[in-house]
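Below you'll find the structure, written out as structure tokens, and then a few comments.
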Amino acid sequence: MIALVAGFLLVAYLLAPGAIYRLAFSFYISSKRFQRTRTEEIVFSVLVTVVPFLLTWILLDNTPLGGLPAIHSLIGKREAYGSILSSLLSDKNLDSGTLIAAYLRAAAEQGRFIAILWLLCAIEGWVTGRVIRRYGDYPDGSFLRAFCDRFLLKNVSEWQILFTTLSLPSNDPRTLVEIDALSTLNVLYRGRLVNWFTDQDGKLAGIFLINAQRFRRDQIARDRANNIFKENEKYWTPVPGSNLYLAAANLANYNIRYVEPSDIEFVEQELGSGVVITALPPEPAGDTPTSTD
């Protein structure tokens, strides 16, 4: 019985609040993924549960929430907890009816406490995610930026910082992330980053690019040998297919660029990529309107 009660307290007061915090946090930003030991998981849960636990205690002791909903029981709260503690620590057989009433009263009290605790943990995760999401707007030397650098960003995936505009001001959300990736086969690709994948340890597994292009190194080498000089942009050729997946194991290095979209790309962002944009026909030279008095 002691193991059962201890397991319930561990899950209800530590593991579940930590999971709820991460879930609410992930609505705004991806949390860092890595394999924690059981001890590390408990320490993390303790850190994110301390403030909600104290707030829950204060609310139930000093506000009308402590009496809502009303609990109707034949046994008082102190008596219920005393009976449960006695049954766990002693070998004496207590009256089954009294013990059942004690557990029911304790379950009602704990259910009220846990409900508020979990709600506050969700709010804490949501607020923390919002704070980190606006990281790029905080000026250097400000309290929020220093707090994010020292504490909050440690739980954020480094790929979330690199592959998004998190570190940039959010006054222009149109900024795109483009990747120049050199494969281990000495092939250079570039394209717009749309997604990335990590393994269970948080290491990069691969990236997805759209509008991908490949640099024709062989062609530029032949042209240079024949004294033919063109702009480097002429040697980029589209890669067939709508998406290009590059496995991280096959990448030697990559460069990340944050660029402004073109006008057409901006319209596609706002209206969808399926929108067909056609240019207006030129106006005839003789149809230029003139003003008359």
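The values are calculated or read from the model by the stated rules, or taken from the named source; none is laboratory data. Note that the coordinates shown come from a computational prediction; the quantities given were computed from them, not determined experimentally. Note that we place each Cβ from the backbone using ideal geometry, even for glycine, and neighbour counts take in every protein chain shown. Just the protein is used for accessible areas: all its heavy atoms, side chains included, with ligands, DNA and RNA removed. Shrake-Rupley method; radii C 1.70, N 1.55, O 1.52, S 1.80 Å.
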Go through the range 127-169 and give me each residue that's touching a Leu at 6+ places or on another chain (Cβ under 8 Å) and in a helix (DSSP H, G or I).
T128, V131, I132, R133, Y135, G136, W159, Q160, I161
Residues being in contact (Cβ under 8 Å) with a residue 12 or more places away in the chain and open to solvent by 40 Å² or more (accessible area, probe 1.4 Å) - total across the range 153-164:
4
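Kindly indicate the residue of the range 175-216 that is of a type in the set (D, E, K, R) and more than 21 Å from the chain's Cα centre (by Cα) and also farthest from K154 (Cα to Cα) among those meeting that condition. Step through it out loud before you land on a result.
Taking the range 175-216 first, the residues of a type in the set (D, E, K, R) are 178, 180, 190, 192, 199, 201, 203, 214, 216.
Subsequent filtering for residues that are more than 21 Å from the chain's Cα centre (by Cα) retains 180, 190, 214, 216.
Working: D180: 27, R190: 30, R214: 35, R216: 40 Å.
The selected residue is R216.
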Identity of the residue in the range 137-152, of a type outside the set (D, E) and exposed (fewer than 15 other Cβ atoms within 10 Å of the Cβ), that ends up modelled with the lowest pLDDT
F151
Filtering the range 171-202 down to residues that are of a type in the set (S, T, N, Q), in contact with a Phe, Trp or Tyr (Cβ under 9 Å, 6 or more places away or on another chain) and open to solvent by 50 Å² or more (accessible area, probe 1.4 Å) yields N195, Q200
L99: passes all of (1) of a type in the set (A, V, I, L, M); (2) exposed (fewer than 14 other Cβ atoms within 10 Å of the Cβ); (3) touching a helix residue (DSSP H, G or I) at 6+ places or on another chain (Cβ under 8 Å) but (2)
Is it the case that the range 39-54 has a residue that's closer than 19 Å to G129 by Cβ, surrounded by fewer than 16 Cβ atoms within 10 Å (Cβ to Cβ), at pLDDT below 85 and under 41 Å from the mean Cα position of the chain (by Cα)?
no
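For the range 225-254, give me the residue count where each residue is more than 21 Å from L185 (Cβ to Cβ) and not hydrophobic (A, V, I, L, M, F, W, C).
Taking the range 225-254 as the starting set, the residues that turn out to be more than 21 Å from L185 (Cβ to Cβ) are 225-231, 233-234, 242.
Imposing the further condition that a residue be not hydrophobic (A, V, I, L, M, F, W, C) reduces the set to 226-227, 230-231, 233-234, 242.
Result for the range 225-254: 7.
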Would you be able to tell me the number of residues in the range 146-169 that are more than 12 Å from the chain's Cα centre (by Cα) and within 25 Å of E260 (Cα to Cα)?
6
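Can you find even one residue in the range 70-79 that is open to solvent by less than 60 Å² (accessible area, probe 1.4 Å), assigned to a helix (DSSP H, G or I) and either modelled with pLDDT under 85 or farther than 18 Å from S45 by Cβ (or both)? Let's see the steps before the verdict.
Residues of the range 70-79 open to solvent by less than 60 Å² (accessible area, probe 1.4 Å): 71, 73, 75-76.
Okay, now just the ones that are also assigned to a helix (DSSP H, G or I), so none.
There is no residue in the range 70-79 that is open to solvent by less than 60 Å² (accessible area, probe 1.4 Å), assigned to a helix (DSSP H, G or I) and either modelled with pLDDT under 85 or farther than 18 Å from S45 by Cβ (or both).
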Specify which of the listed residues (R190, R112) is modelled with pLDDT of 85 or more, within 30 Å of T237 (Cα to Cα), out of contact with any Ser or Thr (no Cβ under 8 Å at 6 or more places or on another chain) and among the basic types (K, R).
R190
